[in-house]
Amino acid sequence: MYLHGFASSPHSRKASFLGSRLRDLGLEVEIPALDQNEFERLTITRQIELVRPYIDAGPVSIIGSSLGGYLAALLAARYSNARRLVLLAPAFDFHRLWVEEMGPERLAAWRERGAVGVYHYGANRNLELWYDLMQDAETYEPFPDFDQPALLFHGEYDSVVPVSLSEHFAARHPNSRLVPLPSGHELTDVLDRIWAVTETFLTAAEL
């Protein structure tokens with residue numbers, strides 16, 4: 001299963017690239033639309049509820065990008081059927097990242113108005129996002145604790161989600177391996193390198 005990033009879609013470049021490579025291996029691949037076509041109502045909890053039936057259906061390996069990577073980690077900490085994880089620039093400490101990115105004035109305005117305009121890359125336009133996202137995200141742990149095998153890729157020049165967050169996680173989780181890459185947050189310029197390592201990781205054990 002591939003979990004796309006914030007304000008992205010199942011048709012993103014990474015989703016399409018990795019989905020195609022996985023299917024070439026004969027694997028069944030699910031790439032759900034995590035905002036359920038209701039981006040304004042997006043929360044961590046709603047995403048978990050959407051994905052849980054895929055987890056309950058049987059053992060699954062999860063690839064997650066950015067917010068999708070954080071979501072994958074949260075799922076692994078809660079459900080043993082999440083067997084292996086590949087995390088691409090995972091947005092650990094998601095709530096704090098947003099608080100710091102928005103700043104106190106913009107955050108207060110968002111809270112007061114109830115919604116903020118956000119550019120949605122999948123829709124290619126600005127969409128409203130309710131403040132529920134922040135209230136919900138605050139209830140989740142910044143660094144989910146799980147012991148399933150995990151492979152992390154993170155750009156050394158990532159200006160959206162600092163690589164230090166993945167370094168922090170990997171240093172405390174011997175079940176994980178961090179692969180720093182000379183790239184930014186999107187990682188689209190290093191997809192072949194990511195796939196070379198990911199293929200070996202996912203096929204190392206029976207899925």
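For residue 106, all conditions in the list (1) surrounded by fewer than 19 Cβ atoms within 10 Å (Cβ to Cβ); (2) touching a helix residue (DSSP H, G or I) at 6+ places or on another chain (Cβ under 7 Å) hold save one; what is the number of the exception?
All conditions pass for residue 106, except number (2).
I'm told residue 26 meets every condition in (1) on the phi > 0 side of the Ramachandran plot; (2) surrounded by fewer than 23 Cβ atoms within 10 Å (Cβ to Cβ); (3) touching a residue at least 12 places away in the same chain (Cβ under 8 Å) except one. Can you identify the failing condition by its number?
Condition (3) is where residue 26 drops out.
Quick one: count up the residues across region 125-169 that are within 18 Å of residue 68 (Cβ to Cβ) and among the acidic types (Asp, Glu).
Of the residues in region 125-169, 3 are within 18 Å of residue 68 (Cβ to Cβ) and among the acidic types (Asp, Glu).
Considering each residue of region 184-199, count those that are among the hydroxyl-bearing types (Ser, Thr, Tyr) and within 14 Å of residue 27 (Cα to Cα), and give that number.
Step one: of region 184-199, the residues among the hydroxyl-bearing types (Ser, Thr, Tyr) are 188, 198.
Now restrict to residues that are within 14 Å of residue 27 (Cα to Cα): 198.
Residues that pass the stated criteria total 1.
Looking only at region 172-207, which residues are surrounded by 14 or more Cβ atoms within 10 Å (Cβ to Cβ), small (Gly, Ala, Ser) and not in a loop (DSSP other than H, G, I, E, B)?
Of everything in region 172-207, just one residue is surrounded by 14 or more Cβ atoms within 10 Å (Cβ to Cβ), small (Gly, Ala, Ser) and not in a loop (DSSP other than H, G, I, E, B), namely 176.
Which of the residues spanning region 121-156 are small (Gly, Ala, Ser) and either in a strand (DSSP E or B) or within 30 Å of residue 174 (Cβ to Cβ) (or both)? Walk me through it before giving the result.
From region 121-156, those small (Gly, Ala, Ser) are 122-123, 137, 150, 155; that's our starting set.
Within region 121-156, 137, 150, 155 qualify.
Return the only residue of 85, 107 being touching a residue at least 60 places away in the same chain (Cβ under 8 Å) and either within 25 Å of residue 22 (Cβ to Cβ) or out of contact with any Pro (no Cβ under 6 Å at 6 or more places or on another chain) (or both).
On the way: 107 fails: touching a residue at least 60 places away in the same chain (Cβ under 8 Å).
The conditions single out 85.
Testing residue 145 on (1) free of Cβ contacts under 8 Å to residues at least 24 places away in the same chain; (2) among the acidic types (Asp, Glu); (3) in contact with a helix residue (DSSP H, G or I) (Cβ under 6 Å, 6 or more places away or on another chain), one condition comes back false. Which one is that?
For residue 145, the failing item is (1).
Please go through region 1-19 and give me each residue that is assigned to a helix (DSSP H, G or I), among the small types (Gly, Ala, Ser) and crowded, with 21+ Cβ neighbours inside 10 Å, ordered by number. Break it down stepwise before answering.
Of all residues in region 1-19, those assigned to a helix (DSSP H, G or I) come to 13-19.
Imposing the further condition that a residue be among the small types (Gly, Ala, Ser) reduces the set to 15-16, 19.
Result: 15, single match.
Looking at (1) farther than 25 Å from residue 204 by Cα; (2) buried (at least 19 other Cβ atoms within 10 Å of the Cβ); (3) of a type in the set (A, V, I, L, M), which is the one condition that is false for residue 63?
(1)
Output yes when any residue across region 162-171 is under 20 Å from residue 106 (Cα atoms) and assigned to a loop (DSSP other than H, G, I, E, B), and no when none is.
Of the residues in region 162-171, the ones under 20 Å from residue 106 (Cα atoms) are none.
Within region 162-171, not a single residue is under 20 Å from residue 106 (Cα atoms) and assigned to a loop (DSSP other than H, G, I, E, B).
Just one of 112, 128, 105, 167 is more than 29 Å from residue 55 (Cα to Cα) and touching a strand residue (DSSP E or B) at 6+ places or on another chain (Cβ under 9 Å); which is it?
Numbers: 112 fails: touching a strand residue (DSSP E or B) at 6+ places or on another chain (Cβ under 9 Å); 105 fails: touching a strand residue (DSSP E or B) at 6+ places or on another chain (Cβ under 9 Å); 167 fails: more than 29 Å from residue 55 (Cα to Cα).
Checking each option against the conditions leaves just 128.
Every number in this text was worked out from the coordinates using simple rules, so none of it is lab data. From a predicted model like this one, the values you see are computed outputs, not experimental measurements. Cβ: placed from backbone, ideal geometry, glycine included. Neighbour counts: every protein chain shown.
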